[in-house]
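Chemist: Input: one structure, supplied below.
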Amino acid sequence: MRKWILIAVITAALITLLDAEENKAEIQKGIKMPYMAFPMKKGEGMYSTKGKCNMCHSWGYILNQGAQSKAFWRKKVIKMIDIFQAPIKNEDINEVVEYLYKNYGNGKEN
Ligand code: HEC
């Protein structure tokens, strides 16, 4: 009976030791985070747009739309406000739409 207890204790100690070794290895290796860069194009209205759009989703998510018309971007911004309650004031809509269109537009108004 005693023998079994001893074996159990030794096993537990070994497991703890092995775990500690593993953790150390992880720390030494370092954790690699995938770096996903979706830098916004620099331009007038960039910071304002970033502040208004990036609070809910990433910039990449927005850019997945591809180059779009001014009307498209206006509709999206208004959708964000109407449907998702994006805190964007009416007087700021134009600035955001202009930024999106100028930097991610397809050259078409409609
Ligand atoms: C209050 C939160 C919020 C803000 C702020 C916000 N969005 Fe969104 N947006 C959402 C949600 C929620 C979705 C839908 C996500 C889904 O369907 O998975 C979305 C989806 C989108 C899409 C994907 C296409 C679509 O029609 O669903 C685009 C493009 C987009 N947003 C653009 C913008 C832009 C540009 C801004 C800044 C003017 C903005 N969003 C700000 C919440 C927000």
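Just so it is clear, none of the values below were taken in a lab; they were calculated from the coordinates. Bear in mind the structure is a predicted one, so any value in this text is a computation, not a measurement.
Chemist: Quick one: length gained pulling ASN64 to GLU91 fully straight, 0.36 nm per residue minus the C-alpha distance?
Modeler: 7.1 nm is the gain from fully extending ASN64 to GLU91.
Chemist: Follow-up. By a straight-distance test (C-alpha under 28 Å), which lysines pair with LYS70 as possible cross-link partners, with residues fewer than eight away in the same chain excluded?
Modeler: Straight-line reach from LYS70, under 28 Å: LYS41, LYS42, LYS50, LYS52, LYS79, LYS89, LYS102, LYS108.
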